[in-house]
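Note sheet for the following structure.
Here, each number is a calculation from the coordinates, and none is a lab measurement. On a predicted model such as this, the values are computed, not experimentally measured, just so you know. Cβ sites come from the backbone with ideal geometry, for glycine too, and all protein chains shown count toward neighbours.
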Amino acid sequence: MIRQPKVLLLTSDHQERRELEEILENHALLACASDLLELKSHLQEGSVDVVFCSWPFYLGSWNGILREVQDQHPDLPVIVLSPSGGEREWMEVMESGVFDLLTWPSPRPWVLAAVEQAAESHDARKLGRFLGELAAQQLAS
């Protein structure tokens, strides 16, 4: 990946936010949201490539946030941070359409790899959607 991905951090835990910022500061353009209004504002701007969401986000759970993100930007990858990575949590998260689940805290290389893979996936989905729309326009002409 040549450009730095734009990462939105959704966490109400200040320590978790600081640790994520420290890991990602040289590898991504960071934005933070601490409530649903801030999340919606960032999504409306369309300036996000990857969303990190804490499992116990204080205004709701990760799956409420996921629905909000998917309603506005269905191609936007969401990575959920969970204090435990049990099989039940893993299945619940993966079945919901989340891009990945990371136990928190996670080693720096895991976080960076997840961001890179999610951002590349987002770019590929956007390109695929664009090419599909272009082909449909050409067929309609």
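Reported to the nearest whole Å, the Cα centre-to-centre distance from segment 78-114 to segment 1-48 is 16. Per the Debye formula on identical point scatterers at the alpha carbon atoms of segment 6-140, with no solvent, log10 I(q)/I(0) at q = 0.12, 0.21 Å⁻¹ is -0.45, -1.32. Per-residue ellipticity at 222 nm computed for the chain from its helices equals -17500 deg cm²/dmol, with DSSP H segments shorter than 4 residues left out and the rest contributing -39,500 (n - 2.57). Using Cα atoms only, what is the angle between the long axis of helix 108-140 and the major principal axis of the chain, expressed in degrees (0 to 90) to the nearest 10? The answer is roughly 20 degrees.
Gaussian network model of the chain, Cα springs within a sub-10 Å range: biggest mean-square fluctuation belongs to which of Ile23, Ile65, Ile79? Looking only at Ile23, Ile65, Ile79, the largest GNM fluctuation is found for Ile23. Comparing Gly128, Gly85, Gly64 in a Gaussian network model of the chain, where Cα atoms under 10 Å apart are tied by springs, the biggest mean-square fluctuation is seen for Gly128. With neighbours defined as other Cβ atoms within 10 Å of a residue's Cβ, the residues Ser106, Ser84 order from fewest to most as Ser84, Ser106.
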